[in-house]
Structure formats: structure tokens, C-alpha cells
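What follows draws every value from the coordinates through simple rules; no lab data is involved. Model, not experiment: these values are computed from the prediction.
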Amino acid sequence: MGLKDFFNIELKCSICGKTLKSGDGLTAHITLPSEKMMPVGRMDRVLSKFADKVYCKKCSE
Ligand SMILES: [Zn+2]
């Protein structure tokens, strides 16, 4: 992953591949990191890094 990609991480639905943007509803399966590893930052980036699975609203219904 290049530096450019790092700043352009897209949060995508694990089923349909739809890119999730601000205002979109989503369901995420996430493993709570240890206290030392606790992520801080933009939620979409945190989710794209830590979530096991992310589903858009349509796929999670
Ligand atoms: Zn979807």
C-alpha cells in the first residue's frame, strides 16, 4: 500500500462493494482492540482498518 493509498482509504461494503460515505448507514463487525491499540481518528478510516466486516444499510437488512 503506497502513501497515496493510505490517505485514500475507502470504506466499502463487504457484500456489494459499495463505497460508504458520510451520511450512509452501515453495520460493522468489529473486534475491540487492546487499550494500547485503540484507534483514534476519522471513523471511516478506523473502520476500514479495524472492522472485520462492514455492510451497507441495504445489505444489512
Ligand atoms: Zn452492500
Taking the Cα atoms of the chain, what is the range of coordinates along each of the three principal axes, in descending order and whole Å?
-> 34, 27, 19
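So how much slack lies between T27 and F50, counting 0.36 nm per residue of separation and subtracting their Cα-Cα distance, in nm?
Here the segment from T27 to F50 would lengthen by 7.0 nm.
In percent, what relative contact order does the chain have, based on Cα pairs under 8 Å that are 6 or more apart in sequence?
Rounded, it is 44 percent for the chain.
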Which of the lysines could a cross-linker span from K21 if the Cα-Cα distance has to be under 18 Å and same-chain partners fewer than 8 positions apart are dropped?
-> K12, K49, K53, K57, K58
